[in-house]
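The values are calculated or read from the model by the stated rules, or taken from the named source; none is laboratory data. All values reported here derive from a predicted model rather than from experimental measurement. Backbone-built Cβ (ideal geometry, glycine too); neighbour counts: all protein chains shown. Areas reflect the complete protein model, heavy atoms only, side chains present, ligands, DNA and RNA absent. Shrake-Rupley method; radii C 1.70, N 1.55, O 1.52, S 1.80 Å.
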Amino acid sequence: MTTQTASLATDYLSAFAEFEGVAYLNASLQGPMPLAAVREAVAALEWKKHPYRVPDSAYFDLPDRIREKVARLVGGRPEEIAVTTGASAGLAAVAAGIDWKPGDEVLVGRGEFPAHFSTWLRYQEAGKLRVRVVEPKGRFISADDYIEAIGPHTRVISASLVRFDNGARLDAARVARACEKFGTALVLDLAQCAGAMKIDLRELGASMAVCSGYKFLFGPYGTGFFWVASEWTERLPLGAVYFLALEGAREFHALPSGNLRPAPGARRWDSAEPASFTNLAAFDSALDFVLRISVDAVERYNDALLAEIIDGLPRTNCSLASPSERGRRGPYVCLSARNPQETQALYEKLRAAQVSVSLRENALRVSPHIYNTPEDISRFMRILSE
């Protein structure tokens, strides 16, 4: 790691609360809110304490700032962004919006995050669609696995750009090109990479994307967004519409009551109460923080930390549970004990030493961020080697 790269942690560590002796390598579970974002949340609570101070414009200006900043992070446009409470809200909007026909199917990879299954459950039980599980031919699911499974009845592919259980990165652009033949919608889940990895949804060819805001984006729990490519805005029928997503809703003194039409763009899929002050004020500040650092800087820094882990992995008692090639991996790495039955014990050993990682599918998920130091990595590696 270069001196310049190592200094990034020193530069930004003060932006966060003290970690109380914990080496926090768990951003893929919950990213800590920067102190500036906490202050904005407290200020928003003051609004609620004194509601006569809340300007009418806050109900629209705050969500619109989120749209603008998220668009910059994912290569979209503000009008393509709906403000939601997390990735599941976007998936629910897709499920509720599509006019399902008998025989329609949704492709989901084996071992995907549960939301990619639960979203379609009631529609499948009602006989409106079939969820077909795509089996990986290799250790990690690949674009080829999805491409071979696509057929004339495939309406949706619901897939993570970076998998939660092993950090494998999908070649989404190849899948998207295959989807075009059948008019299939590719819905990408960005929860495990947005804010820590360069993303351009136009280049990836996605139809829609969902994301939570509380991981690598540092937002509060209960924040997120739903991106809908402009060409899909009219193709995706509406489910429930929140009243502030109607045309004319900005005029509080004359709210629309007849000839109701949804506002143009993706805001029609906003979750109810999108201007939740405490959540969005903090999320707005957190997005400012990420943009100020730049995703490129975060990605370079995390790559350097992860390289130290992979290169120094004690192979006698640990093995890599993520792809080894950088281009096939997201912004974190997964490890397991050489003897899989000992992975749980290794996780408990790390917890006892105040090193925070996640245990997922019998693998340790290690997800550093800009606040982690080389010393955090050294501490983690020492425990692995003991």
May I ask you to verify whether residue 309 is closer than 13 Å to residue 25 by Cβ and either open to solvent by less than 30 Å² (accessible area, probe 1.4 Å) or in contact (Cβ under 8 Å) with a residue 12 or more places away in the chain (or both)?
yes
Testing residue 33 on (1) under 24 Å from residue 196 (Cβ atoms); (2) modelled with pLDDT under 95, one condition comes back false. Which one is that?
(2)
Only one of (1) out of contact with any helix residue (DSSP H, G or I) (no Cβ under 8 Å at 6 or more places or on another chain); (2) touching a residue at least 40 places away in the same chain (Cβ under 8 Å); (3) surrounded by fewer than 21 Cβ atoms within 10 Å (Cβ to Cβ) does not apply to residue 273, and that is (2)
Members of the range 85-111 that are open to solvent by 10 Å² or more (accessible area, probe 1.4 Å) and within 23 Å of residue 214 (Cα to Cα)
85, 87, 88, 89, 92, 93, 111
Return yes or no: is residue 190 out of contact with any Asp or Glu (no Cβ under 7 Å at 6 or more places or on another chain), among the aliphatic types (A, V, I, L, M) and without any contact (Cβ under 8 Å) to a residue 40 or more places away in the chain?
no
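For residues in the range 15-30 being among the aliphatic types (A, V, I, L, M) and under 14 Å from residue 221 (Cβ atoms), which is surrounded by the most Cβ atoms within 10 Å (Cβ to Cβ)?
Applying the first criterion (among the aliphatic types (A, V, I, L, M)) to the range 15-30 yields 15, 17, 22-23, 25, 27, 29.
If we keep only those that are under 14 Å from residue 221 (Cβ atoms) too, we end up with 27, 29.
Values: 27: 28, 29: 16.
Per the stated criteria, the residue is 27.
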Being open to solvent by 10 Å² or more (accessible area, probe 1.4 Å) and not in a loop (DSSP other than H, G, I, E, B) is the filter; apply it to the range 358-375 and report the residue that is nearest to residue 293 (Cα to Cα).
374
Answer yes or no as to whether residue 143 is within 23 Å of residue 197 (Cβ to Cβ), surrounded by fewer than 20 Cβ atoms within 10 Å (Cβ to Cβ) and either in contact with a His (Cβ under 8 Å, 6 or more places away or on another chain) or at pLDDT 95 or above (or both).
yes
Residue by residue through the range 31-68, note down the ones that are open to solvent by less than 20 Å² (accessible area, probe 1.4 Å) and either of a type in the set (S, T, N, Q) or under 26 Å from residue 236 (Cβ atoms) (or both).
60, 62, 63, 66, 67
Of those in the range 147-188 that are in contact with a strand residue (DSSP E or B) (Cβ under 9 Å, 6 or more places away or on another chain) and among the charged types (D, E, K, R), the residue surrounded by the fewest Cβ atoms within 10 Å (Cβ to Cβ) is 148
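Name the residues in the range 200-235 that are within 12 Å of residue 80 (Cβ to Cβ) and either assigned to a loop (DSSP other than H, G, I, E, B) or open to solvent by 10 Å² or more (accessible area, probe 1.4 Å) (or both), would you?
Start the filter on the range 200-235 by keeping residues that are within 12 Å of residue 80 (Cβ to Cβ), which leaves 201-202, 206-209, 225-233.
Selection gives 202, 206, 207, 229, 230, 231, 232, 233.
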May I ask you to verify whether residue 191 is open to solvent by less than 20 Å² (accessible area, probe 1.4 Å) and within 29 Å of residue 285 (Cα to Cα)?
yes
I want to confirm something. Restricting to the range 96-127 and keeping residues that are within 24 Å of the chain's Cα centre (by Cα) and among the polar types (S, T, N, Q), which single residue is nearest to residue 235 (Cα to Cα)?
119
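Quickly run through the range 85-109 and pick out the residues that are on the phi < 0 side of the Ramachandran plot and part of a loop (DSSP other than H, G, I, E, B). Give the derivation first.
Within the range 85-109, the subset on the phi < 0 side of the Ramachandran plot is 85, 87-102, 104-109.
Those that are on the phi < 0 side of the Ramachandran plot and part of a loop (DSSP other than H, G, I, E, B): 85, 98, 99, 100, 101, 102, 104.
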Here are some conditions: (1) open to solvent by less than 10 Å² (accessible area, probe 1.4 Å); (2) small (Gly, Ala, Ser); (3) under 30 Å from residue 333 (Cα atoms). Residue 285 meets all but one. Which one does it not meet?
(1)
Can you tell which of 71, 82 is open to solvent by less than 20 Å² (accessible area, probe 1.4 Å) and in a strand (DSSP E or B)?
82
